[in-house]
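First the structure, in the form of structure tokens, and then the observations on it.
The values are calculated or read from the model by the stated rules, or taken from the named source; none is laboratory data. Just so it is clear, the model here is predicted, and its values are computed rather than measured. Glycine also receives a Cβ, built like all others from the backbone with ideal geometry; neighbour counts cover every protein chain displayed. The protein model used for the area step is the full one, side chains on, heavy atoms only, and it has no ligands, DNA or RNA in it. Shrake-Rupley method; radii C 1.70, N 1.55, O 1.52, S 1.80 Å.
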Amino acid sequence: MEASDVSADLTRVLVSESEIRAKLAELARRIENDYDGDRPLLVGVLKGAVMVMADLARELRIHVDMDWMAVSSYGAGTQSSGVVRILKDLDTDLTDRRVLIVEDIIDSGLTLSWLKENLGLRGAKSVEICALLRKPGAAKVDVDVTYLGFDIPNEFVVGYGLDYANRYRNLRDVAILAPHVYES
Ligand code: PRP
């Protein structure tokens, strides 16, 4: 879906598809270099990270394993609750693995700080984070991100995996959702 297909619902495009792809290529070069000779396990956090995972993994010129977790940090609203539940766990044994968590966005930071600690307790050799977006203005806890795409303002953003009420995930760009959509 293009931004023009839902232009009435969007305030503006914040990060375009081409800017995302260029940034992921940049991050992929760093990751290839840092994991040279190792085979990292990419852990995608469902559902938002599906697009980042798909594009980042294909950009990487090294072998990787991929696994998925589903956690729930939000209720029905737009604010983090701080409660993290595992809805789907990994199938992979993390013993001595180098793990790279792949996320779409760090909002409050609660999900990733919890997840990093949780995966670290499973015997992984290392646990690093790659996140496409981060909202410094919404941070409740500090999260150590090794590979970051963009810092963005504290606005309600959708697209490229990010949803509002399960819509807009298939939008190609990251865009600011117009307030009338979630205030109505
Ligand atoms: C979003 C996002 C992160 C989390 C970030 O997921 O994908 O996992 O929230 O927020 P935090 O930093 O405040 O914890 P969400 O719970 O909306 O689920 P989804 O990926 O399935 O849309």
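Among the residues in segment 19-29, are any touching a strand residue (DSSP E or B) at 6+ places or on another chain (Cβ under 8 Å) and in a loop (DSSP other than H, G, I, E, B)? Checked against the condition, which is being touching a strand residue (DSSP E or B) at 6+ places or on another chain (Cβ under 8 Å) and in a loop (DSSP other than H, G, I, E, B), segment 19-29 yields no hits at all. Name the single residue that is nearest to the chain's Cα centre (by Cα) among those in segment 161-183 being under 16 Å from GLU103 (Cα atoms) and part of a strand (DSSP E or B). Among residues in segment 161-183 that are under 16 Å from GLU103 (Cα atoms) and part of a strand (DSSP E or B), the one nearest to the chain's Cα centre (by Cα) is LEU162.
Could you look through segment 48-78, keep only residues that are assigned to a loop (DSSP other than H, G, I, E, B), within 14 Å of the ligand (Cβ to nearest atom) and closer than 27 Å to LYS23 by Cβ, and pick out the one that is modelled with the lowest pLDDT?
Taking segment 48-78 and keeping what is assigned to a loop (DSSP other than H, G, I, E, B), we get 48-49, 60-64, 75-78.
Among the residues that remain, those that are also within 14 Å of the ligand (Cβ to nearest atom) are: 48-49, 75-78.
Within this subset, residues satisfying the condition of being closer than 27 Å to LYS23 by Cβ are 48-49, 78.
Details: GLY48: 95, ALA49: 97, THR78: 50.
Among residues in segment 48-78 that are assigned to a loop (DSSP other than H, G, I, E, B), within 14 Å of the ligand (Cβ to nearest atom) and closer than 27 Å to LYS23 by Cβ, the one modelled with the lowest pLDDT is THR78.
Any residue in segment 145-160 that is in a loop (DSSP other than H, G, I, E, B) sitting within a Cβ distance under 6 Å of a residue that is among the basic types (Lys, Arg)? List the pairs, counting only those 6 or more apart or interchain. Note: pairs meeting the criteria are ILE152/LYS135; ASN154/LYS135.
Condition check: crowded, with 18+ Cβ neighbours inside 10 Å, in contact (Cβ under 8 Å) with a residue 12 or more places away in the chain and not in a helix (DSSP H, G or I). Does LEU94 satisfy that? Break it down stepwise before answering.
Numbers: crowded, with 18+ Cβ neighbours inside 10 Å: yes; in contact (Cβ under 8 Å) with a residue 12 or more places away in the chain: yes; not in a helix (DSSP H, G or I): yes.
For LEU94, the condition - crowded, with 18+ Cβ neighbours inside 10 Å, in contact (Cβ under 8 Å) with a residue 12 or more places away in the chain and not in a helix (DSSP H, G or I) - is met.
Scan segment 127-137 for residues that are surrounded by fewer than 16 Cβ atoms within 10 Å (Cβ to Cβ) and in contact with a strand residue (DSSP E or B) (Cβ under 7 Å, 6 or more places away or on another chain) and the total you get is 1.
Contact annotation: residue pairs with Cβ atoms under 6 Å, 6 or more positions apart or on different chains, pairing a residue in segment 164-184 that is on the phi < 0 side of the Ramachandran plot and open to solvent by 70 Å² or more (accessible area, probe 1.4 Å) with a partner that is more than 16 Å from the ligand (Cβ to nearest atom) and in a helix (DSSP H, G or I), are ARG172/GLU17.
Matching residues to (1) open to solvent by 30 Å² or more (accessible area, probe 1.4 Å); (2) within 24 Å of VAL181 (Cβ to Cβ):
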site: ASP9; (1), (2): yes, yes
site: ARG12; (1), (2): yes, yes
site: ASN33; (1), (2): yes, no
site: GLY37; (1), (2): yes, no
site: PRO40; (1), (2): no, no
site: ALA49; (1), (2): no, yes
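Only a single criterion out of (1) at pLDDT below 95; (2) in a loop (DSSP other than H, G, I, E, B); (3) surrounded by 14 or more Cβ atoms within 10 Å (Cβ to Cβ) is not satisfied by VAL84, namely (2).
The set of residues in segment 11-47 being more than 16 Å from the ligand (Cβ to nearest atom), charged (D, E, K, R) and under 16 Å from LEU162 (Cβ atoms) consists of ARG12, GLU17, GLU19, LYS23.
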